[in-house]
Amino acid sequence: MTSRPRASLGRILDDLGATLLEVVCGELDPDREIGGVVIHDPLDEPAYPDGAIVLGVGLAGDEAVGRLVQELGTRGAVGLIVRHPAALGPVLPAAAKAAGLVVLGLARGATWTQLAALLGSLLAEEDIGSVDDESLGGLPSGDLFAVANAVAALLDAPVTIEDRSSRVLAFSARQDEADAARTETIIGRQVPERYARVLTELGVFRDLYRYDRPVVVDPEPIGYDDMTVPRVAFAVRVGDEVLGSIWAATRQPLTPAKEASLRDAAQLVALHLLRLRAGADVSRRLRADLVSTALEGGRGAGQALSRLGLADQTLVVMAAALREADPEASAHAEQLRAGERQRFTDAFAVHLSAMNPGTAVAEIGGVAYALFPVVGLAAAGEERAARAAGVFLERIGARVQAVVAVGRAVADLSGLAQSRVTAERVLRVLRSRPETGPVARMGDVQTASLLLELGDLMAARGDQPLGPMASLIAHDARSDSDLLGTLRAWLDSFGDVSQASASLFVHPNTLRYRLRRISQICGLDLNDPEVRFAAMLQLRIGAQSR
């Protein structure tokens, strides 16, 4: 059987070099294996795995890059990627040679997020378990970049493999033979919206998914100057399900032989896509099992952490979730919600792994749990985890309503389960009290968490409000009044009648009258601080439990 190519510098340049990367300076050893992707942060030193390739985001100038190159040489890094410099001075090549690593330049127009995602997709094969040695059609199973290059050779044209949403899953070499529109598509890993809209209006996608034949796209009706090369597209199907499509940029019509090759290639791509889908499901289940076992802290926790590569490390448990959905949502809406949760978990994993390559993330029971390795003092580790969560939520934007709870930093197996419990307690507060904010630690929400637990205790015992508060609740129910709300507003205002009456939009004298009525109805002595505290506590517990 043919084994899947190892993650190496040579493979990175083979797959990404023509469009995104080129060698700036240093000795390129194509066989050097890559152990992980790290984003350089001058304010918060990241953890460097052996054989790291480092993204120098924001680095500018030979001297700054040279200093980082020298540091990376002592950490066993294999390469540094910087924004491609306009000019190259004498400092950087000498530093790269001395450090024994290669400096690569990222093409202008490509974003660091896109590069990190591409590198992650190329390195993901070694995330969990051993390297898969299965092959399909003589190509490594699931290696869509190898498939794309093979299809390009058969058609003698640069190709892309795309999913149903026009996201680029893989692309071949020789993309420089296409046009600017193809370059933009590859850099963004997505067909630009303006092209997709016109293709939809022209019925290209309709014909592509309806008919089992190649669809030729003439660039002239598209109406954009940067699309000059015709496209030939063919749907990738399994039975009646369309998995995606192959797009070849070719100036010449396909010969019957090449059309037959395209049909055969579509069947091969379908097998690889199915293998990727199955492999992703298996990997997710395996990772979820390992993370769940580690979080339980039982007999198998140590072995699970070892398989995740997190043994003997200080960890912070993070729990992230989407805001609560409508409990009466339809089955179809819940299915869409499940897909949204999986995409959220994947995005959370990519973000945290970019900050710390050792992070393990898995969805368990609708919640994305992360085992986030930290160094140094526990408080500093928790603060770093909270900062990472805040940046993540900022990046995904307001369109996705989500919250992230941060547990305690623990250095032993016995504390890991407790860190999960802490994170879940914080998560419950964040979900029930939107005003708390999207990210929190236990120190931020401890009182609210205790109130929720008191409410749980009362519910478990079947306790109902007794004494004066019960009398007041019964009176409001009988007379359709809201003296309970009046009491709550007065207590929340620390007894300030003017402030409380303003919050209720009533006259201060009206508020004073209602307070006297409360005392008459249920016998509350509002001059007694113990009585006021008891009333406030009961009101808070009732509000938390609703």
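At-a-glance table
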item: Residue list for region 441-455, filter: in contact (Cβ under 8 Å) with a residue 40 or more places away in the chain and either small (G, A, S) or part of a helix (DSSP H, G or I) (or both); result: A448, L451, L452, L454, G455
item: When residues of region 61-97 are limited to those that are part of a loop (DSSP other than H, G, I, E, B) and modelled with pLDDT of 80 or more, the one nearest to L13 (Cα to Cα); result: V78
item: Identity of the residue in region 32-58, more than 16 Å from V391 (Cβ to Cβ) and of a type in the set (G, A, S), that ends up farthest from the chain's Cα centre (by Cα); result: G51
item: Evaluation of D412 against (1) surrounded by 20 or more Cβ atoms within 10 Å (Cβ to Cβ); (2) within 26 Å of L295 (Cβ to Cβ) (one fails), failing number; result: (1)
item: Hey, P221 touching a Pro at 6+ places or on another chain (Cβ under 9 Å) and at negative phi or not; result: no
item: Odd one out for A249, checked against (1) closer than 15 Å to L155 by Cβ; (2) surrounded by fewer than 20 Cβ atoms within 10 Å (Cβ to Cβ); result: (2)
item: Residue in region 172-180 that is of a type in the set (D, E) and under 23 Å from the mean Cα position of the chain (by Cα) present; result: no
item: Residues that are in a helix (DSSP H, G or I) and farther than 20 Å from V217 by Cα, drawn from region 147-175; result: V147, N149, A150, A153
item: Residues (more than 21 Å from V57 (Cβ to Cβ) and in a strand (DSSP E or B)) located in region 354-372; result: A360, V361, A362, E363, I364, V367, A368, Y369, A370, L371
item: Filter pass, L452 being in contact with a Pro (Cβ under 6 Å, 6 or more places away or on another chain) and either within 29 Å of V429 (Cβ to Cβ) or not assigned by TED's automatic domain parsing to the domain that holds V429 (or both); result: no
item: D207 surrounded by 14 or more Cβ atoms within 10 Å (Cβ to Cβ) and part of a loop (DSSP other than H, G, I, E, B); result: no
item: Count of residues meeting criterion [surrounded by 14 or more Cβ atoms within 10 Å (Cβ to Cβ), at pLDDT below 85 and part of a loop (DSSP other than H, G, I, E, B)] in region 497-528; result: 2
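Matching residues to (1) touching a strand residue (DSSP E or B) at 6+ places or on another chain (Cβ under 9 Å); (2) assigned to a strand (DSSP E or B):
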{"residue": "Y224", "(1), (2)": "no, no"}
{"residue": "V229", "(1), (2)": "yes, no"}
{"residue": "A235", "(1), (2)": "yes, yes"}
{"residue": "L243", "(1), (2)": "yes, yes"}
{"residue": "A248", "(1), (2)": "yes, yes"}
{"residue": "P253", "(1), (2)": "yes, no"}
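The values are calculated or read from the model by the stated rules, or taken from the named source; none is laboratory data. The structure presented is a predicted model; accordingly, all values stated were derived computationally and were not measured. Backbone-built Cβ (ideal geometry, glycine too); neighbour counts: all protein chains shown.
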